[in-house]
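Report on the structure given below.
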């Protein structure tokens, strides 16, 4: 099995890389932190192809994708996992750049991760394109305007891509995690129910990717929470979230 994973230097991405490597896969890992990728490669000799890049750099992603396919072949699975979560408040003009960063990485980074592989995978008539979205994309959360917007956009983008790939043999999988214990969630100053460890989350994600599930919320309890949130009338949703703590802003 050949797998490509973006954002693979820590958190969910690293856990996914380890999961597939332990299953015997050859894995291409994309991330900005080269030292962490090199550590992973040393742990699994000859089965990790490390590419130090930023998913916002389409040319770099294209070059890495072509190098991997030339050396190993068309991947069976591509997981667009790279993402950032930073608190934002619209009243602060200095947060504009943060909004842009979050949207560029979480949405355009996903597009640019998949793009080089779409035509080769269609030609092969098989494979999985899996995008890591979030239950945060179900409704706009206070102090997380950029993150919620980016994950809502990712969910819609993946739905569009699923229709585009229909009949090709390539399945598009949308994974919406709840709270996973990672460096990204470690800074959250609010309760995080139904928290999963990263290794367990990776195992569950991989299972749904193998099944070709079109849309899956993990853990299932957060699917219930998400469904309730989507059904709440605006007045009740606004009241319920009026006093919740916000994720820290980059400047805080």
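We did not get these values from a lab; they are worked out from the coordinates using the rules stated. The structure displayed is predicted, hence computed values, not measured ones. Virtual Cβ from ideal backbone geometry, glycine too; neighbours counted across all protein chains shown.
Kindly provide the helix-only [θ] at 222 nm of the chain, computed as the sum of -39,500 (n - 2.57) over DSSP H runs of four or more divided by all residues, to the nearest 500 deg cm²/dmol?
-14500 deg cm²/dmol, from helical runs alone.
Averaging over all projection directions, find the projected area of the Cα convex hull of the chain and quote it in nm² with one decimal place.
13.3
Express in whole angstrom the spacing between the alpha-carbon centres of region 139-166 and region 33-69.
Using only Cα atoms to place each centre, the spacing works out to 26 Å.
What is the chain's relative contact order, in percent, from Cα pairs under 8 angstrom and six or more apart in sequence? Please report the intermediate quantities before stating the final value.
Numbers: 480 pairs, mean separation 48.7, N = 252.
The value is 19 percent.
Using per-residue counts of other Cβ atoms within 10 Å, averaged over each peptide, order 76-88, 130-142, 12-24 from highest down.
Working: 76-88: 24.0, 130-142: 22.0, 12-24: 20.3.
So the order, starting with the most tightly packed, is 76-88, 130-142, 12-24.
With viscosity set to 0.890 mPa s at 25 °C, what whole-number translational diffusion coefficient in µm²/s follows for region 45-186 from Stokes-Einstein and a Kirkwood radius over Cα pairs?
D, rounded to a whole number, is 153 µm²/s.
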